[in-house]
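A.B. asks: There's a structure below that I have some questions on.
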Amino acid sequence: MTTPENMTPDRPGPAPVDLTWTANPGGPVSQWIDNHARQLFIMPAVLMILVFSIFPLVASLIIAFSRIRLRGGGYQVRFVGWKNFEKQIFGSEQFHFLGTFTQMSVVGWMVGLSVTGLILWWMYKYVTTQFTVVGFIGRLITASVTIAIAFMFAATFFSGNPFGTLGVTLFYVFVGCGVQFLIGLGLAFLCSQQIRGRNFFRVAFFIPMMITPIGVGYVFRMLADTTKGPFTPLWQGLGLKDFAWATDPWAARVFIVIGDSWQWIPFVFIILLAAFENVPRDYVEAAEMDGAGSWQIFREITWPQVLPVAVTVMLIRVIEAFKIVDLPNIMTSGGPGIATESMSLHSFFAWRALDLGQSAAIAYLLLFVTVVICVSFFNLIVLNRMRQND
Amino acid sequence: MTERTLYQRLFEPPRINQMAIGTKVVVYGLLLIWSAVVLFPIYWLLITSVKSAADVNGGPVYIPFVDFTPSLHAWRELFVVDYEDTLRAYFNSIIISLAATLLSTLIGSMAAYALARVKYAPNLVTVLIFAILMIITFVSIGIYGVDWRLVIASALAVFFFLMKAVSSRVKIPLKNGDILFWMISQRILAPIVVVVPIYMMFQTVRMLDTHLAIILTYAVVNLPIVVWLMYDFFTSIPRDLEESAQLDGATMFMTFREVVLPLSKAGLAATTLLVMILSWNEYLLALFLSTAKAQTMPILVAAMNAGERGILWWSMSAVIVVMIIPVVFMAVVLQRYISKGILLGAVKG
């Protein structure tokens, strides 16, 4: 995409062609290295990932199924089966992870059932039109997780009960990423117009990404302070002097989404700006000649070129957003109560209380939700689009 | 010439490549509003770092020399009184993020290049056997404390035995796409999922609170991003030059170093910058892996929340400002290589 103008990729595309390299006529060592270059190029990465993620993943799994007692410098591992997970999903920690379930309200039932209906209809359409076994199993997992999450929201949010950390995390991910995408897209579009001072805007808009998330947390805590922050006169004018962000669950959540968006809009912005600038000028000018309106030009010419980048950037953002931990930790410490606690933070607090088994179990639940949502997103949206293009 | 309505005069461009006056006002207005949104918190950081405690706690004051007299007490505390802690954290951060960035960019782009240009067909069975044996090795050493020499020797023996016995008969070749997907999917792992075992791992080899431990961890955590971005970049550059280098008898390493890397400056610069920012700002892993010697700047920021005395807003602002400077410097340096802005190109659909 950043190919210089004088070099057009004559044979682009991901299909690798096996080039045959020769060996350097040197000593036996360098010859051996050259002959095994193919393996040596990829092995460091493979080994590092194996050591640093496969092993921890398995060790975490073992911890998640055990109770660990620390005693005098060492630790003792006892296998307890599904107990840690049961406690989170059905047991005494249910309110913490899923939310408080009491009677479901009418609205709750309506939301839950309509989502279920939609998902079932979507599955039915898939089965009758383009059935494959792997695709079916994948969609089955996506569908059941979606329905489970829908009922979780139906029983908590739509029935007026408090959320658990799962709901909070999903709120951060979907509302946060949505806001970041819309504002990032808008800014990138504005900056791609023929304007003066483009370099200034580009650099200025990038700055928030350079600040450490911890720092962003403190900065926003400072800004939102109703007695010391810069907006104090405003709060006083509105009669909200005694209003504390950190005591209202929704205000606190929105506050964290604002901080997170402030930090990550630059990322979306800078990549989408590149995509907008890559749209060939001639296309746009030709369309202008033909008298197309600006909305029409955007929809017919610019958007199709930007869309693939937009999808990738959102996938990256969604993956990263699930890991949110620093901001809620700093800005509200997860409070009031558990209202702003993300799953990462939940796991972190469990670790701090030396409950390693619960901590690992929550981490695994987070991993499960993230994998299902990201892989569904990738398979159903990215791959689908690629297939349509072929 | 027909009479133009007010709407047309304001919002319809008089000529191609020109904006109507109304559009101009809206566009610049929005851009300036967002500039304020972005820059105001930075401004607030800067002035808070030169405020005295009384100025911070007594209610908001906005303009130095007008509203309040700036004092450098926070900066003095940071660089004169506690200079040892500050400078140590600063150098730690610089060493760790530079080394981690270099390591992951190098290893990641080599792997990405290989995936873009070489056809791999590893046998799934071999890979699985290897992975399972490795897991058993680690678990028995790390959790059950069996002697490591014994475990590794027997694991190797079993591996070669099973390779002869099973892998040569059952062949399920993987494709490059599978390897790529596996590498990229590692980014989905939240640090919190892996941090406790990584902590235990470094504890076993007595490497906690060392630079190397954090460098390795950061390098691996960012490896998927490097592979993702650089793979997309390498597939978009033309293959001609590499083919002619190859005809001239260049080895794969030579081709990579002399031909491919110089061609990929833009992608490399963008990736380096992103990885650099991510490792410079990382907090959670550093919190687990360092106690004193290897502490990084984000930990120092968090340490400004000093318990009973409350948050030392002025010192914290100063630390954050100090932390931004090297990143801005890197961005400016790398910007030269990135033809169309920052972080371009490498990302495409």
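A.B. asks: Can you tally the net charge around B:LYS51? Count Lys and Arg as +1, Asp and Glu as -1, for every other residue whose Cβ sits under 12 Å from the Cβ of B:LYS51.
C.D. replies: The answer is -1.
A.B. asks: While we're here: Mind checking the full-extension length gain between A:VAL133 and A:SER30? Use 0.36 nm per residue of separation minus the Cα-Cα distance, one decimal, nm.
C.D. replies: Extra length from A:VAL133 to A:SER30 when fully extended: 32.2 nm.
A.B. asks: Another one. As an exercise, identify the trypsin sites (Lys or Arg not before Pro) in segment A:137-220 lying in DSSP coil whose Cβ has no more than 15 other Cβ atoms within 10 Å.
C.D. replies: Answer by residue number: A:ARG196.
A.B. asks: Which value, in Å³ per residue, describes the convex hull spanned by the Cα atoms of segment B:267-308?
C.D. replies: Enclosed volume per residue, from the Cα hull, is 78 Å³.
A.B. asks: Amide H of B:PHE68 versus every other amide H placed in the peptide plane: which residues, excluding those fewer than 5 positions away on the same chain, fall under 5 Å?
C.D. replies: Residues meeting the amide H criterion: B:ILE63.
A.B. asks: For segment A:178-242, state what percent of all Cα-Cα pairs lands in each successive 10 Å bin, counting from 0 Å until the bin that includes the largest distance.
C.D. replies: Over segment A:178-242, the share of Cα pairs per 10 Å bin runs 18, 29, 32, 20, 1 percent.
A.B. asks: Give me the Debye-computed log₁₀ of I(q)/I(0) at q = 0.15, 0.22 Å⁻¹ for segment A:116-155, equal point scatterers on Cα only, no solvent, two decimals.
C.D. replies: Values returned for q = 0.15, 0.22 Å⁻¹ are -0.36, -0.67.
A.B. asks: How high is the FRET efficiency from B:SER154 to A:GLN39, r the C-beta distance, R0 25 Å, rounded to 0.05?
C.D. replies: Computed FRET efficiency for B:SER154 and A:GLN39 comes out at 0.55.
A.B. asks: On to the next question. Quick one: Karplus J couplings for segment A:334-347, per residue in order, coefficients 6.51, -1.76, 1.60, θ = phi - 60°, nearest Hz, x for Gly and Pro?
C.D. replies: Along segment A:334-347, the couplings run x, x, x, x, 10, 5, 10, 7, 7, 5, 4, 5, 4, 5 Hz.
A.B. asks: So how much accessible area does A:HIS36 have, in Å² to the nearest 10, using a 1.4 Å probe?
C.D. replies: Its accessible surface works out to 70 Å², give or take rounding.
A.B. asks: To the nearest 20 Debye, how big is the dipole of chain A about its Cα centre, given +1 on the beta carbon of each Lys and Arg and -1 on that of each Asp and Glu?
C.D. replies: So the dipole magnitude of chain A works out to roughly 1060 debye.
A.B. asks: If you build a Gaussian network model of chain B, linking Cα atoms that sit under 10 Å apart, which residue out of B:THR204, B:THR101, B:THR296 swings the most?
C.D. replies: B:THR204
A.B. asks: Principal axis extents for segment A:334-381, Cα atoms only, whole Å, descending order, please.
C.D. replies: 39, 25, 8 Å, listed from the longest principal axis down.
A.B. asks: Among B:170-176, A:47-53, how do they line up from the highest to the lowest mean number of other beta-carbon atoms within 10 Å?
C.D. replies: Highest mean packing first, the order is A:47-53, B:170-176.
A.B. asks: For n ≥ 4 DSSP H runs only, could you compute -39500 (n - 2.57) per run for the protein assembly as shown, divide by its residues and tell me the 222 nm figure to the nearest 500?
C.D. replies: Computed mean residue ellipticity for the protein assembly as shown: -20000 deg cm²/dmol.
A.B. asks: Still on this structure: So what's segment B:6-78 giving for Rg/Rh, alpha carbon basis, Kirkwood Rh from the mean inverse pair distance?
C.D. replies: Computed over Cα atoms, the ratio is 1.34.
A.B. asks: Another question, then. Most mobile of B:ALA245, B:ALA302, B:ALA269 per a Gaussian network model of chain B (Cα springs, under 10 Å)?
C.D. replies: Checking each option, the largest mean-square fluctuation is seen for B:ALA245.
A.B. asks: Only Cα pairs under 8 Å and at least 6 apart count here; give the relative contact order of chain B as a rounded whole percent.
C.D. replies: It rounds to 25 percent for chain B.
A.B. asks: Turning to a different aspect of this structure: With a cap of 10 neighbouring Cβ atoms within 10 Å, and only residues DSSP puts in a loop, list the chymotrypsin sites (Phe, Trp or Tyr not before Pro) found in segment A:113-171.
C.D. replies: A:PHE131
A.B. asks: Could I ask something else about it? Which value in Å does the Kirkwood hydrodynamic radius of segment B:1-125 take, with 1/r averaged over all unlike C-alpha pairs and then inverted?
C.D. replies: Here the Kirkwood hydrodynamic radius works out to 21.6 Å.
A.B. asks: Moving on. Testing the spin-label approximation: label points 7 Å from Cα along Cα→Cβ at B:ARG76 and A:PHE79. State their distance in nm.
C.D. replies: 6.5 nm
A.B. asks: With springs connecting C-alpha atoms under 10 Å apart, model chain B as a Gaussian network and identify which of B:TYR199, B:TYR28, B:TYR43 has the largest mean-square fluctuation.
C.D. replies: Its mean-square fluctuation being the largest, the pick is B:TYR28.
A.B. asks: What distance in nm separates the simple spin-label points at A:TRP250 and A:GLN236, each placed 7 Å from Cα in the Cβ direction?
C.D. replies: 2.9 nm
A.B. asks: Here's a follow-up. Tell me, what % of the accessible area of the protein assembly as shown is carbon and sulfur with a 1.4 angstrom probe?
C.D. replies: The computed percentage sits at 68.
A.B. asks: Grab the other residues whose beta carbon is less than 14 angstrom from that of A:ALA353, score K and R as +1, D and E as -1, and report the net.
C.D. replies: With Lys, Arg at +1 and Asp, Glu at -1, the net is +1.
A.B. asks: Moving on. Write down the radius of gyration of segment B:122-173 and its Dmax, each obtained from C-alpha positions, in Å.
C.D. replies: Calculated on Cα positions, Rg and Dmax stand at 12.0, 35 Å.
A.B. asks: To the nearest 0.05, how large is the calculated FRET efficiency for A:ALA148 and B:TYR62 if R₀ is 56 Å and r is the Cβ-Cβ distance?
C.D. replies: 0.65
A.B. asks: Mind giving me the nanometre distance, one decimal, between the label points for B:LEU30 and A:ARG352, set 7 Å out from Cα along Cα→Cβ?
C.D. replies: Those two pseudo-labels are separated by 4.1 nm.
A.B. asks: Related question: Kindly count the pairs of lysines across chain B whose alpha carbons are less than 21 Å apart, treating pairs on different chains or eight or more residues apart as eligible.
C.D. replies: Going through chain B pair by pair, I get 5.
A.B. asks: Still on this structure: What net charge do the residues around B:LEU156 carry, taking every other residue with its C-beta under 15 Å from that of B:LEU156, with Lys and Arg at +1 and Asp and Glu at -1?
C.D. replies: +1
A.B. asks: Moving on. Per residue and in cubic angstrom, what volume does the convex hull of the Cα atoms of the protein assembly as shown have?
C.D. replies: Expressed per residue, the convex hull around the Cα atoms of the protein assembly as shown is 217 Å³.
A.B. asks: Would you mind getting me the FRET efficiency between A:ARG69 and B:PHE329? Use the beta-carbon distance for r and R0 = 51 Å, nearest 0.05.
C.D. replies: That gives a FRET efficiency of 0.55.
A.B. asks: Could you compute how fast chain A diffuses translationally, taking Rh as the Kirkwood radius over C-alpha pairs and applying Stokes-Einstein at 37 °C with viscosity 0.692 mPa s? Give it in µm² per second.
C.D. replies: 131 µm²/s
A.B. asks: If you don't mind, there's one more thing I want to ask. Could you compute Rg(Cα) / (2.2 N^0.38 Å) for chain B, with N its residue count?
C.D. replies: Against the compact-globule rule of thumb, the ratio is 1.33.
The values are calculated or read from the model by the stated rules, or taken from the named source; none is laboratory data. All values derive from a computational prediction rather than experimental measurement. Positions of Cβ are generated from backbone atoms using ideal geometry, with glycine treated the same way; all protein chains shown enter the neighbour counts. Ligands, DNA and RNA are excluded from the accessible area calculation, which covers all protein heavy atoms including side chains. Shrake-Rupley method; radii C 1.70, N 1.55, O 1.52, S 1.80 Å.
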